[in-house]
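S.K.: Take a look at this one; I'll ask things after.
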């Protein structure tokens, strides 16, 4: 097999666009499953104009809708006849709303995309991934492990992805491997669609809170996706890779704090 068939949800911008490009560079045929038509078409066209080794194809997809996910899978199979890799990246960020003011509709919308989406993608691609001995990579977040105030829907959705990952790994193994990646601070301002693109500006304190000395970029996550989709990780399933520049292991104190160790 010279080219894998890879589906990346939310592949029109941000981390997803970086993941699409990384697989495309390896010569894979990448399906950009994206609800934002502007972003999806832009991502597809940008790679088509570069005439690289792979292929990119945009398919409008709402991962919170089972009908839309089913249609996506049917379209991919009709065009390519197989599915080898699924990267569940599509997600909604959470507005910081105090718990008492949080509308149930906001909770449902965020959980619908961030958690129901990966479940639906796994459900509908599993028969094809079994045939190809493929794999699923779920994009979680360090918010599954730590929180800021008033982020309950997003944190719960990302924590749910970690539980879903190990549940799927047991249910779908040994035919299908399922792993997760938990990104930390990944700068995506210059990976958004053109109409919303911004140039990143990071302060020294932003870099200093990362033991590696910098903020992350989409390619940091994309390279991990390539690893988890390769034979180099063939003995890994149900696992979570934290890729955050060491941010979650660093204890932070105010300079005048007295700490007893």
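S.K.: Based on C-alpha coordinates, I'd like the Rg and Dmax of the range 5-249, in Å.
M.R.: 17.2, 52
S.K.: How far, in nm, would the chain grow between residue 74 and residue 250 when pulled straight, counting 0.36 nm per residue and subtracting the alpha carbon separation?
M.R.: 58.8 nm
S.K.: So, in nm, how far is label residue 223 from label residue 49 when the simple model puts each one 7 Å beyond its Cα toward the Cβ?
M.R.: About 2.7 nm separates the two model spin labels.
S.K.: Separate question: Based on the mean of other beta carbon atoms within 10 Å per residue, what is the order of 140-150, 34-44, 98-108, most packed first?
M.R.: Ranked from most to least packed, the peptides come out as 34-44, 140-150, 98-108.
S.K.: Now for a separate question. Starting from the Cα of residue 130, step 7 Å along the direction of its Cβ; do the same at residue 197; then give the gap between the two resulting points in nm.
M.R.: Distance between label points: 4.3 nm.
S.K.: Once both labels are modelled 7 Å past Cα along the beta-carbon direction, what's the residue 147-residue 175 spacing in nm?
M.R.: The answer from the label model is 3.7 nm.
S.K.: Based on the Kirkwood radius over alpha-carbon pairs, what is the Stokes-Einstein translational diffusion coefficient of the range 51-194 at 10 °C with 1.306 mPa s viscosity, in µm²/s?
M.R.: 97 µm²/s
S.K.: Which whole-number percent gives the relative contact order of the chain, counting Cα pairs below 8 Å spaced six or more residues apart?
M.R.: Normalised by residue count, the contact order of the chain is 19 percent.
S.K.: Then there is this: Expected output is a single nm value to one decimal: the length gained when fully extending between residue 185 and residue 82, i.e. 0.36 nm times separation in residues minus the C-alpha distance. What is it?
M.R.: 33.7 nm
S.K.: Please work out how much length the chain gains when fully extended from residue 214 to residue 41, using 0.36 nm per residue of separation minus the C-alpha to C-alpha distance, in nm with one decimal.
M.R.: So the extension gain works out to 59.2 nm.
S.K.: Name the most mobile residue of 232, 222, 167, meaning the one with the largest mean-square fluctuation, in a Gaussian network model of the chain with Cα contacts below 10 Å.
M.R.: 232
S.K.: Over all Cα pairs of the range 1-105, how is the pair count split among 10 Å bins, expressed in % and running from 0 up to the last occupied bin?
M.R.: 15, 46, 25, 9, 4, 0
S.K.: Considering the Cα positions of the range 132-175, please state its Rg to one decimal place and its Dmax as a whole number of Å.
M.R.: Taking only Cα atoms of the range 132-175, I get Rg and Dmax of 12.8, 43 Å.
S.K.: With a Cα-only, solvent-free Debye model of the range 112-261, what are the log10 I(q)/I(0) values at q = 0.12, 0.19, 0.21 Å⁻¹?
M.R.: Each listed q corresponds, in turn, to -0.61, -1.22, -1.35.
Where a number appears in this text, it was derived from the coordinates with a stated rule and is not lab data. Remember, it's a predicted structure, so these values are computed and weren't measured experimentally. Backbone-built Cβ (ideal geometry, glycine too); neighbour counts: all protein chains shown.
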